[in-house]
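The values are calculated or read from the model by the stated rules, or taken from the named source; none is laboratory data. It should be emphasised that the depicted structure is a prediction, and the values quoted were computed from it without experimental measurement. Positions of Cβ are backbone-derived with ideal geometry, glycine not excepted, and every protein chain shown enters the neighbour counts. Ligands, DNA and RNA are excluded from the accessible area calculation, which covers all protein heavy atoms including side chains. Shrake-Rupley method; radii C 1.70, N 1.55, O 1.52, S 1.80 Å.
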Amino acid sequence: MTTLYPTPRTLRWPALAFLPLLLGGCAASPSQQDTATISSEVVRLSPCPALPNCVLSDASNPVHAISPLSINGEPSEAWASLLGHLESDPQYTITEQSEGYIRAEARTRMVGFIDDVEFELRTERDEIAVRSASRVGLFDLGVNRIRIEGVRRALATD
């Protein structure tokens, strides 16, 4: 008996054949990536891929752009405050720390995905540049932006 409508079994392979075409627009290409161009400074923050699961204070793309953390007062105190916040919050695990740079892993509360978070102290601009990106998935449902805004609020209350 022939059916007029395709069944899920007959649709599976043709649909998979189009998957690379559908995702092709999401692949990061150099022309779509945000690039960090900050005069002659050495920028350690990684650029965001073309996917909408990353925020970066150096981004020119509005999908990825987020304001850096402002420093009010002494930069070393702001940096120490940031470090103290990251060390006291169980969501974060610091994986790399050097002068003016922190890389951490942030575990999402609900599902437990691990995201990458970076901070770079820029004393000449009185700011801390930020990047937060998901390791997996196409979308982050705003989690990375919410995370950085949470850090901003925590530092403002210190």
- line: Expected sort for 141-151, 71-81 on mean C-beta neighbours within 10 Å, highest first, is 141-151, 71-81
query: Put 113, 139, 119 in order of accessible area, largest first, 1.4 Å probe: what do you get?
result: 139, 113, 119
- prompt: Any idea how far the Cα center of region 65-90 sits from the one of region 126-152, in Å?
  reply: 14 Å
task: In debye, nearest 20, what is the charge dipole magnitude of region 102-158 about its Cα centre with +1 on Lys and Arg Cβ and -1 on Asp and Glu Cβ, if you could check?
output: 220 debye
task: Please give the net charge around residue 93, taking every other residue with its beta carbon less than 15 angstrom from that of residue 93, where Lys and Arg add +1 and Asp and Glu add -1.
output: -2
task: Using 0.36 nm per residue of separation minus the Cα-Cα distance, give me the extension gain between residue 99 and residue 85 in nm, one decimal.
output: 3.3 nm
